[in-house]
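Okay, structure first, notes after.
Nothing in this text is a laboratory measurement; each read-out follows from the coordinates by a stated rule. All values derive from a computational prediction rather than experimental measurement. For neighbour counting, all protein chains shown are included, and Cβ atoms are generated from backbone atoms with ideal geometry for every residue, glycine included.
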Number of protein chains: 2
Amino acid sequence: MSKEIGITVSKKDDLSEWYTQVVTKSGLADYASVKGFMVLMPYGYSIWEKIKEFLDKRLKTMGHSNAYFPLLIPESFLRREAEHFSGFTPEVFWVTSAGNDKLAERLAVRPTSETVIYDSYAKWIRSWRDLPLLINVWNSVLRAEIKMTKPFMRTSEFLWQEGHTVHADKEDTDAEVMRILELYRQLIEEQLAIPALAGYKTDREKFVGALYTTTLESMMPDGKALQMGTSHNLGQNFSKAFEIKYLGKDEQTHYAWNASWGVSWRLIGAVVMLHGDDRGLVIPPRIAPVQVVIVPIPYKNAGGADIVSRCRSLAEKLQEAGINVFLDDRAHYTPGWKFNDWEQKGVPVRIEIGPRDISRQQITMVRRDTSERSVAPETDAINETKMLLDAIQSSLFEKASRSLRQAIHDARTYQELKQAIETEGGFVRGCWCGETACEDQIKDETGATIRVVPIQDEQVFSGCVCCGKAAKKAVYFARAY
Amino acid sequence: MSKEIGITVSKKDDLSEWYTQVVTKSGLADYASVKGFMVLMPYGYSIWEKIKEFLDKRLKTMGHSNAYFPLLIPESFLRREAEHFSGFTPEVFWVTSAGNDKLAERLAVRPTSETVIYDSYAKWIRSWRDLPLLINVWNSVLRAEIKMTKPFMRTSEFLWQEGHTVHADKEDTDAEVMRILELYRQLIEEQLAIPALAGYKTDREKFVGALYTTTLESMMPDGKALQMGTSHNLGQNFSKAFEIKYLGKDEQTHYAWNASWGVSWRLIGAVVMLHGDDRGLVIPPRIAPVQVVIVPIPYKNAGGADIVSRCRSLAEKLQEAGINVFLDDRAHYTPGWKFNDWEQKGVPVRIEIGPRDISRQQITMVRRDTSERSVAPETDAINETKMLLDAIQSSLFEKASRSLRQAIHDARTYQELKQAIETEGGFVRGCWCGETACEDQIKDETGATIRVVPIQDEQVFSGCVCCGKAAKKAVYFARAY
């Protein structure tokens, strides 16, 4: 917590090192001593709380309830859905003993909770009256990461929410999948100010065990895509494996349908990467734990008390108006030190009050994103601050949207695809025949995968970008995190 | 979720079976298929959310922040504090492989987080300016339970919060320990309506690795004590093991001091046991997810729509006034079925509106705790409801306080102690010489331990209840969960 020093590399020159410095020096997260794990520090946790609050409230309004299910899952549960098992076992942490006793059956530390949750659902659901069952869980999941740890983006444990719903039929399940995808879009675009492409995953890329997967994908500054959130229709795969059946209005027994969906703390990593700059974090106002910091500027130690008391009454006024404000009246730091500290932490607006501001009954406001300074009459402080926060929120989203548009290129041939992926990165829009063989070849040779199959078909403008045969869809390729 | 049926045993006749039925039939929790684990169901989770909201808000006001630390802890970390290690290893779940790879070092699934947290603190803390460091964590911990599973009370995994704070000296640490104990008292007595004895644990009973432990203990209807929450001064034990040092104002390096403290979902179990009756749960209004349920009573299906719309406007009015209200307008259940259902779920107040209420512009209110019916003018609905909720909250606490007082007996001789423990149970107040040998003997021969050494010394009224020698303190013995 001591010794916060500035970021020593530029974002453009070394994104990876810049990212690590911003995350750790701003107090978002720290590497844990346990390999592959990270600590979510108080400042990072407070952003996660903002994300949670937004989602939790919306989910409850939509009829979902929270619950909690066991961390440890018997191996036999995971094995019941064969694809699911083979997809997850390579990264499962296994518990083999308790105290000094060897367990009769290995227990998986949850890599995701479908199996343990559906085991309970099978007991709870009897009739159509019990449907839909809409449950969400806030927990952490563990998947052993052998690659280099990257805070928020690649860690062996991450915080997330996993929604698990049960429906009577495909139609109702489809509707849930899309309602959630739209909720995630609102979170990502309207709260985090990050534009995303929405669409389906291909069979190759879908969630193991799902009928189909929908996704939101954003573009990072290094030209790699980041999967922001997914919402799956699991069909009746799990309900058949776990015997989730209900008595319908028709008095017949039916297998139920399942959806599952999740977003994780990875979203915080996306915010850092996309909005941050060489001075540190830039946090969109709607998810900023501190939206406004007030820094008193004493003049040669004269009139200091008066200035601080003016700052305090302003802080109270803004707080009452629903703005998250922090008054930095720490005596043992200079204003300049505080400016750097709060800029590194990405607080959207800084308000300075010095002798001149007092005499003119004004406040000086500085935007974190553009460094623009402006003054406003003290009597208009609430309105002006709110307008400024809104302006920052919009302008972050617009800037990111421009970057996204510039990062999308069309490719008509394999050569164009390869070159675009290898030189510029970003999303490459290409036409595709629908065969997994072409996906495999492209992945092997360029590292790119199909990130998104648009929900509304986009016009096919060439043959398959890989094999040249007739194309079925225009899709978006990219390398990804 | 289907088929809710009444409780089939009486609380007085078979507390254990009654408890299990109330917990599962009211939808608080369910047994998981994984032995020793339970599922916190939506209704139970919503009570946990009320407890969390109360504590979280208070803790933040007191200056604490939330954070998140890794689930898996290397064995070598646990070993650094020898007492701590020997205390916890018998119940630790051990991870020994990830995917197909055997791990070089076993990882413990967190039984408590002191070690992994203090490893980070050692990196973060440099100077007196960084102190106090006040962090709280909401997570789950795992401790293998070999005894019979009892939902909320004895499960291999439980949700809790663990606070971990760092201080410059003993004085500041003592103050934190007591501030938290007082916060817990407010939670337990003022929110959960459960009276508790506050005090110190003896060295035999304190947290492994602590300097001293403070506790709040309540009495359950079967005469066994339940530890509700603990707050520990860890001294410098962990800071020495983990090298948590700071540069003081005196320019010297000092080992820091630690406190840790926690309450778990066990509190929900206490609420069930203490306030519940033969019809099911009785939830204190301040932690009730639904404080008021409104049930329309249609008359022979005539005027039904009008009654429901009156109920709906009342529901909106109460909701706006900050009361958690649920309108049960389900068409396929009778009012009688709904009464039973909501009584089983322990909703504090039921409001009925039927044709007679409409014609008299009144509402009928029924208290869950006493079954008392009353009517109030519809125009006074908000005030009357609030007053009734307050009255229920107070009367639950008063009733429980009377029971607690009746469950405390004094013993002057070993024979009196033994008889009191074995016949009536409850707390037995006895005088104690201070020797662990006497504690051990009493535990071996009666099953009772010293639950509380009062914070304010109580008058010594006999020799040691075990050995007869001069007694140092009057303490409270009991068998415990």
Query - Cβ-based net charge around residue B:428, under 12 Å, with every Lys or Arg adding one and every Asp or Glu removing one - result: +1
Query raised in the report: Within segment B:232-275, whose backbone N sits under 14 Å from a point 7 Å along Cα→Cβ of residue B:170?
Result: B:233-237, B:257-258
**Report entry** Projected label distance in nm at residue B:360 and residue B:424, using a 7 Å step from Cα toward the beta-carbon
**Finding:** 4.5
**Report entry** Whole-Å semi-axes of the ellipsoid equivalent to segment B:285-392 (Cα gyration tensor, √5λ, descending)
**Finding:** 20, 16, 12
Query - Size of charge dipole - the protein assembly as shown - debye, nearest 20, with Cβ of Lys, Arg +1 and Asp, Glu -1, no other charges - result: 180
Report task. Give me the number: length gained by fully extending residue A:459 to residue A:245, i.e. 0.36 nm times residue separation minus the C-alpha to C-alpha distance, one decimal in nm. Result -> 72.9 nm
**Report entry** Pair-distance profile P(r), taking every C-alpha pair of segment A:15-275, with 5 angstrom steps and integer %
**Finding:** 1, 6, 12, 16, 18, 17, 13, 9, 5, 2, 1, 0, 0
Report summary line: Per the helix-only model, the protein assembly as shown has a calculated mean residue ellipticity at 222 nm (DSSP H runs of ≥4, -39500 (n - 2.57) each, divided over all residues, rounded to the nearest 500) of -10500 deg cm²/dmol
Query raised in the report: If the chain between residue A:330 and residue A:445 were fully stretched, how many nm would it gain, using 0.36 nm times the residue separation less the Cα-Cα distance?
Result: 35.8 nm
Requested in this report: Using only C-alpha positions, report the orientation-averaged shadow area of the convex hull of segment A:350-459, nm², one decimal.
Outcome: 10.3
Report summary line: To the nearest 10 degrees, the tilt of helix A:170-185 (Cα long axis) against the first principal axis of the alpha carbons of chain A is 20
Query - Distance in nm between pseudo-label sites at residue A:123 and residue A:379 (7 Å out along the Cβ direction from Cα) - result: 6.7
Report summary line: Listing A:165, A:149, A:370 by rising number of other beta-carbon atoms within 10 angstrom, fewest first, gives A:370, A:149, A:165
Report task. Provide the three semi-axes, in whole Å and in decreasing order, of the ellipsoid equivalent to chain B as defined by the square roots of 5 times the Cα gyration tensor eigenvalues. Result -> 44, 28, 22
Report summary line: Taking Cα pairs closer than 8 Å and at least 6 residues apart, the relative contact order of chain A in percent is 14
Report summary line: So, in nm and shortest first, the distances from residue A:16 to its counterparts in the other copies, with label points 7 Å along Cα→Cβ, work out as 5.9
Report summary line: Mean separation of Cα contacts under 8 Å (at least 6 apart) over the residue count of segment A:305-413, i.e. the relative contact order in percent, is 19
Query raised in the report: Put the label 7 Å from Cα along Cα→Cβ for residue A:247; what are its distances to the other copies, in nanometres, shortest first?
Result: 7.5
Query - Largest-first ellipsoid semi-axes for segment A:176-307, taking √(5λ) over the Cα gyration tensor eigenvalues, angstrom - result: 46, 19, 10
**Report entry** Distance-filtered residues of segment A:430-461 - backbone nitrogen under 14 Å, label point 7 angstrom along residue A:412 Cα→Cβ
**Finding:** A:430-431, A:460-461
Query - Gained length - residue A:91 relative to residue A:178, 0.36 nm times residue gap less alpha-carbon distance - result: 28.4 nm
Query raised in the report: If we count other beta carbons within 10 Å of each Cβ, what is the order of B:314, A:181, fewest first?
Result: A:181, B:314
Report task. Quickly work out the residue B:62-to-residue A:83 label distance, labels modelled 7 Å from Cα along the C-beta direction, and quote it in nm with one decimal. Result -> 5.0
Query - Cα-based helix-to-principal-axis angle, A:15-25 vs chain A, degrees rounded to 10 - result: 60
Query raised in the report: Shape call for segment B:408-478 from the C-alpha gyration tensor, a ≥ b ≥ c root eigenvalues: rounded (a/c under 1.5), prolate (a/b greater than b/c) or oblate?
Result: rounded
Query raised in the report: What base-10 log of the normalised intensity I(q)/I(0) is obtained for the protein assembly as shown from the Debye formula, alpha carbons as equal point scatterers, at q = 0.08 Å⁻¹?
Result: -0.90
Report summary line: Cβ density ranking, 10 Å radius, fewest first, applied to B:204, B:429 yields B:204, B:429
Query raised in the report: Nearest 10 degrees, 0 to 90: what angle lies between the long axis of helix A:266-275 and the longest principal axis of chain A (Cα atoms)?
Result: 50
